[in-house]
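K.L.:
I have a structure here, written as structure tokens, and I will follow up with some questions on it.
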Amino acid sequence: MATPPRTTLPVRYNPPFAWAVLAIGLVNFVLAFLGTGPLINLVLGVLFIVLGALFLGRPYFAYTPQTRTLEVIAPIGIRRPFGGAGGGGLVAEGGRIFLVQADGRRKKVPVSRWMARPEEWDAVAEAIGRPPTG
């Protein structure tokens, strides 16, 4: 039995980036309790620990080849679509993804290759370069 084609290509955060954010949070958290840092260390520690955990568990963005839409997913869950019908076309160049407007102007989509898992980024960049199907 053939598996149906995937409808979206999710891209997760790069694990070293997520672990670095988590480590920064842990260092700030420990400094706050050792008494060497002010209360801001505690606040920053908790914030970075939560962000690091979210970066490890949530997708960074998702690309839907059928609609040619890229949806950026913020760590708090807010989704922001780019491209698609009437929204312009997407182009992947040099570790960035651009939204090309109808008049030819380019706008950077707020995603970067260094924050994404390389193999998943490459799959999306390849899918963006392919002509639309269906």
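K.L.:
For a quick check of your reading: which strands (runs of 3 or more DSSP E) sit entirely within region 19-134 and have at least 1 residues that are touching a residue at least 12 places away in the same chain (Cβ under 8 Å) and of a type in the set (Gly, Ala, Ser)?
P.N.:
Those strands (runs of 3 or more DSSP E) span 59-64, 79-83, 89-93, 106-112.
K.L.:
Filter region 64-111 down to residues that are crowded, with 19+ Cβ neighbours inside 10 Å, among the hydrophobic types (A, V, I, L, M, F, W, C) and over 21 Å from PHE17 (Cα atoms), then give me how many there are.
P.N.:
Total meeting the criteria: 5.
K.L.:
Which count do you get for residues in region 95-124 that are over 17 Å from TYR13 (Cβ atoms) and not charged (D, E, K, R)?
P.N.:
6
K.L.:
Further question: PHE61 - would you say it is surrounded by 17 or more Cβ atoms within 10 Å (Cβ to Cβ) and in contact with a Phe, Trp or Tyr (Cβ under 8 Å, 6 or more places away or on another chain)?
P.N.:
no
Listed here are the residues, each with its yes/no results for (1) touching a Leu at 6+ places or on another chain (Cβ under 7 Å); (2) not assigned by TED's automatic domain parsing to the domain that holds LYS107.
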| position | (1), (2) |
| --- | --- |
| VAL27 | no, yes |
| ILE40 | no, yes |
| LEU44 | no, yes |
| ARG68 | yes, no |
| ARG79 | no, no |
| GLY83 | yes, no |
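The values are calculated or read from the model by the stated rules, or taken from the named source; none is laboratory data. What you are looking at is a predicted structure, and each value in this text was computed from that prediction instead of being measured. Neighbour counts are summed over all protein chains in view; Cβ atoms, including those assigned to glycine, are modelled from backbone coordinates with ideal geometry.
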